[in-house]
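S.K.: Below are the structure tokens for one structure; questions will follow.
The values are calculated or read from the model by the stated rules, or taken from the named source; none is laboratory data. Because the structure is predicted, anything quoted here is derived from the model rather than measured. Note that we place each Cβ from the backbone using ideal geometry, even for glycine, and neighbour counts take in every protein chain shown.
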Amino acid sequence: MAADRALELLQGLGHQPILVVLAALILDRIVPRRHGRARLTGALSELVRRLDRAGRDEMRLRRRAVVLWLLAVAIGAGAGVLAGRLASHRGGFETALDLVVLVWAIAYRPARATAGRAIPGLRQMAVSRPLSVVEAVAGTARLRLARRFADGSVAVVLAWLVFGLPALAVVKVSQILTEASEAHGSGPFGQVILFCHGVLTLLPCWLAAVLIAGDRRLPPLRLPPRPLLAGIASHGGTPGEPAGRMIATRAAVERGWWLWLAVLALSGGIAAGLA
């Protein structure tokens, strides 16, 4: 009976996509993560290392990067279509699959936790390292948190709401491939991957930057990460205090997350009222 009740609940959620998204965002904050995504990133990093070898023609590297990105997102889209069709043949399982994949793909909780751990680390670094070094580390950590919010909580959610599971898979695969290429380096190969991902997530990234900036100056509509840099700069904290700047950015991204949750809930309520 409990299983039947759970199935009925999932079927009901399937008629309200916003409720699925809200449930996924909340579950992402409370469900612990395993390291499956890290293993996938590591596998892609190894593939990038093999394709992006030093000494090769720059134009050839750029072509390889475009082909790899297109192939990766095509595989992601195909996997999303196949998974959706298989789940649709079992009543209620399609919604369950969407919910599980959304929680996995959003992945804001690990970034939030990492940002929290970075604060005492920055304070310790400030004792023994030059301020410029600590500021650089803090800047990287701040941008990484904002990017995870933009790529996960905003881009993944919008992709699923508008185009479904295949689009979600495309955004997520592109995000993981971007992280893998950045881990390898920032040469021509990685620049092309970053550009492709930036075009794909242009609008979600800008929206995330607006949510982070709040009532501050409106970020520019540019390729990522420029809007995010503008968004976190408006909550930069006190110059010369890297840990304080990290705290201010983390608080701004958190406010952006709650504002995004409220926007989604309000839009769902309006849609339900008009239906």
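S.K.: Considering only residues that are more than 17 Å from Asp151 (Cβ to Cβ) and either surrounded by fewer than 15 Cβ atoms within 10 Å (Cβ to Cβ) or among the acidic types (Asp, Glu) (or both), look in region 240-254 and name the one that is modelled with the lowest pLDDT.
M.R.: Filtering first and then ranking leaves Gly240.
S.K.: Kindly indicate whether any position in region 218-239 is over 21 Å from Trp206 (Cβ atoms) and surrounded by fewer than 16 Cβ atoms within 10 Å (Cβ to Cβ).
M.R.: Within region 218-239, one or more residues are over 21 Å from Trp206 (Cβ atoms) and surrounded by fewer than 16 Cβ atoms within 10 Å (Cβ to Cβ).
S.K.: Any residue that is touching an Asp or Glu at 6+ places or on another chain (Cβ under 9 Å), farther than 27 Å from Arg62 by Cβ and among the basic types (Lys, Arg) - is there at least one of those in region 205-227?
M.R.: Among the residues of region 205-227, not one is touching an Asp or Glu at 6+ places or on another chain (Cβ under 9 Å), farther than 27 Å from Arg62 by Cβ and among the basic types (Lys, Arg), which makes the answer no.
S.K.: Just checking, does region 201-220 include any residue being assigned to a helix (DSSP H, G or I), among the aromatic types (Phe, Trp, Tyr) and touching a residue at least 60 places away in the same chain (Cβ under 8 Å)?
M.R.: The answer is no, given that none of the residues of region 201-220 is assigned to a helix (DSSP H, G or I), among the aromatic types (Phe, Trp, Tyr) and touching a residue at least 60 places away in the same chain (Cβ under 8 Å).
S.K.: Would it be correct to say that Thr140 is free of Cβ contacts under 8 Å to residues at least 24 places away in the same chain and within 23 Å of Ala43 (Cβ to Cβ)?
M.R.: Answer is no for this residue.
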